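Here's the structure, in C-alpha cells; my notes come after.
The values are calculated or read from the model by the stated rules, or taken from the named source; none is laboratory data. Note that the coordinates shown come from a computational prediction; the quantities given were computed from them, not determined experimentally. Cβ sites come from the backbone with ideal geometry, for glycine too, and all protein chains shown count toward neighbours.
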Ligand code: HEM
C-alpha cells in the first residue's frame, strides 16, 4: 500500500524498507520546561499521524483573514509511504526540561573520530526527525509543517535531503547503489527477523533506560565523497577499497551478491581476495558487531570554493547501543579503512529514537 501506519509498538521508518527520498531535520528547542516540550510532541504526533494517512495537518477554519492550517503542497497527493521518526539528542537531557535523570546511561554525544572534519552547521540537535517518503514533495511538506507547528518552541538547526534510485527506475527493488557506484546495503541484517531486530536494533527493557524499550539509537553522519579522486582511481582499486565487485556486488572471490563473505578466501597466489583494510573486511570483522544501515545519497549542489560536486552519503544507522555498535565500528573504520582516502565525515549527530506511540498517546510519552 501507499500508507504506513504512524502508531505502533515501534516507530515507523526504522525497519521500514527504505523509501525513495529522505528529508532529515534537526531541531533545537527554544522553549523551556517539560510542559512545553510535551505540548510540542503532542502537536507533532497529531500532525505526523495525519500526514502518514495523506491528510492535512489540521482542519482548515476557512477564515480568509488567517493563514491556512496546512501549507497545501501535498493536497491530493498519496501519502507515498511517508514515515516520520523522532529522536532526542543528548542535549535534550539537561536542566532545561528536567530530564537529566532520564538520560540513558549508554547515550551521549559521539566522540571525535580519527580524520573527522566536522562542520558545526551539520552537527547535533536537541531533536532529530527522519522523514522518508516515495515522493520528495510529500517529505518536504512534512518537514515544513513540523517546523511551522514548532514555531515559538523549536527552530530548525540543519536539514539535509537525500535520495536513492526510485522504484520507477528499478521496479525489481534490487539493492540500491551509492554515488561511488557500488551496491549499498547487501549485508544488512534481515528486518523481518524479530529476534535479530531485538538483538541488533531495539533497545530492551533491561538496557538501563526502561522508557526507551522498543526504541532505537540512531547515528547520523554526513559523509562527503571525494568524487573527483574516486573517478580517477582504477576499477581494481575501487573494488579493493570495498572488497566487493562493482558490477555484481559479490564479495571478491565469489560470484553472486548474496554469496557468503569469506575474509579468509585466497586466490591461486595465496593472497586474500578481500583486502584486510577494505571497507567490508573492517566493517564485518568477526561478525559480532552489527548495525542496521538506512542511508541515502545526498547532493548539496556545487562547492563554490572548489567548483566540485558537494555530494556523498547521509549515513544513518540504527542500533540497540550506540557505543557498543556504531562507535566501536566507526573507531575501527576511522583508523584504517581504505575508503577514507575517498570520503570526509563533515556532519554528525546521535538521537535516541523513542518507542512507538500508541493511539491516544504521543511520541516521547514514556519520557515524562
Ligand atoms: C558495507 C559503502 C560508511 C558500516 C558497505 C558496502 C558498501 C558500503 C558499498 C558493501 C555492501 C553492503 O554490505 O552494504 C559505504 C560508504 C560509506 C560507508 C560509501 C561512506 C560514504 C560506513 C560507516 C559505517 C559502515 C560510517 C559504520 C560505522 C558498514 C557495515 C557494512 C558495510 C557494517 C557491512 C559489512 C559486512 O558485514 O559485510 N558499506 N559505507 N559503513 N558498511 Fe559501509
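Any residue at all in region 310-331 that's farther than 30 Å from residue 13 by Cα and either within 11 Å of the ligand (Cβ to nearest atom) or touching a strand residue (DSSP E or B) at 6+ places or on another chain (Cβ under 7 Å) (or both)?
Step one: filter region 310-331 for residues farther than 30 Å from residue 13 by Cα, giving none.
No, there is no match, as no residue in region 310-331 is farther than 30 Å from residue 13 by Cα and either within 11 Å of the ligand (Cβ to nearest atom) or touching a strand residue (DSSP E or B) at 6+ places or on another chain (Cβ under 7 Å) (or both).
What helices (runs of 4 or more DSSP H), lying completely within region 194-280, carry at least 2 residues that are touching a helix residue (DSSP H, G or I) at 6+ places or on another chain (Cβ under 8 Å) and within 14 Å of the ligand (Cβ to nearest atom)?
227-231, 235-242
I'd like the residue in region 247-268 that is modelled with pLDDT of 95 or more and more than 27 Å from residue 174 (Cα to Cα) and, out of all such residues, is nearest to the chain's Cα centre (by Cα).
That would be 264.
What's the total number of residues in region 332-346 that are more than 12 Å from the ligand (Cβ to nearest atom) and in contact with a strand residue (DSSP E or B) (Cβ under 7 Å, 6 or more places away or on another chain)?
Looking only at that region, the number is 0.
Considering every residue within region 1-18, establish whether at least one is farther than 28 Å from residue 185 by Cβ, without any contact (Cβ under 8 Å) to a residue 60 or more places away in the chain and out of contact with any strand residue (DSSP E or B) (no Cβ under 7 Å at 6 or more places or on another chain).
Within region 1-18 (the criterion being farther than 28 Å from residue 185 by Cβ, without any contact (Cβ under 8 Å) to a residue 60 or more places away in the chain and out of contact with any strand residue (DSSP E or B) (no Cβ under 7 Å at 6 or more places or on another chain)), the answer is no, since none of the residues qualifies.
Restrict the check to region 173-190 and report whether at least one residue is over 13 Å from residue 15 (Cβ atoms), more than 16 Å from the ligand (Cβ to nearest atom) and buried (at least 17 other Cβ atoms within 10 Å of the Cβ).
No - not one qualifying residue is present in region 173-190.
Go through region 287-309 and give me each residue that's assigned to a strand (DSSP E or B), surrounded by fewer than 23 Cβ atoms within 10 Å (Cβ to Cβ) and in contact with a helix residue (DSSP H, G or I) (Cβ under 9 Å, 6 or more places away or on another chain).
Once the filter is applied, which keeps residues that are assigned to a strand (DSSP E or B), surrounded by fewer than 23 Cβ atoms within 10 Å (Cβ to Cβ) and in contact with a helix residue (DSSP H, G or I) (Cβ under 9 Å, 6 or more places away or on another chain), region 287-309 yields 308, 309.
Which of the following residues is surrounded by fewer than 15 Cβ atoms within 10 Å (Cβ to Cβ), modelled with pLDDT of 95 or more and assigned to a helix (DSSP H, G or I): 324, 359?
When all the criteria are applied, what remains is 324.
State yes or no: is residue 104 more than 29 Å from residue 207 (Cβ to Cβ) and buried (at least 18 other Cβ atoms within 10 Å of the Cβ)?
No, not satisfied.
Say we look at region 150-164 and pick out the residues that are more than 18 Å from residue 133 (Cβ to Cβ) and in contact (Cβ under 8 Å) with a residue 60 or more places away in the chain; which of these is surrounded by the fewest Cβ atoms within 10 Å (Cβ to Cβ)? Talk me through it step by step, then tell me what you get.
As a first pass, look at region 150-164 and keep what is more than 18 Å from residue 133 (Cβ to Cβ): 150-158.
Next, only the ones that are in contact (Cβ under 8 Å) with a residue 60 or more places away in the chain stay: 150, 152-158.
Values: 150: 23, 152: 10, 153: 18, 154: 22, 155: 13, 156: 16, 157: 21, 158: 21.
Going through the qualifying residues, I end up with 152.
From (1) surrounded by fewer than 19 Cβ atoms within 10 Å (Cβ to Cβ); (2) closer than 17 Å to residue 361 by Cα; (3) touching a helix residue (DSSP H, G or I) at 6+ places or on another chain (Cβ under 8 Å), pick out the condition that doesn't hold for residue 86.
(1)
Between a first residue in region 225-247 that is at positive phi and a second residue that is within 13 Å of the ligand (Cβ to nearest atom) and in a loop (DSSP other than H, G, I, E, B), which pairs have beta carbons less than 7 Å apart while being 6 or more apart in sequence or on different chains?
Here the result reads 243/252; 243/274; 243/278, each pair linking region 225-247 to a residue that is within 13 Å of the ligand (Cβ to nearest atom) and in a loop (DSSP other than H, G, I, E, B).
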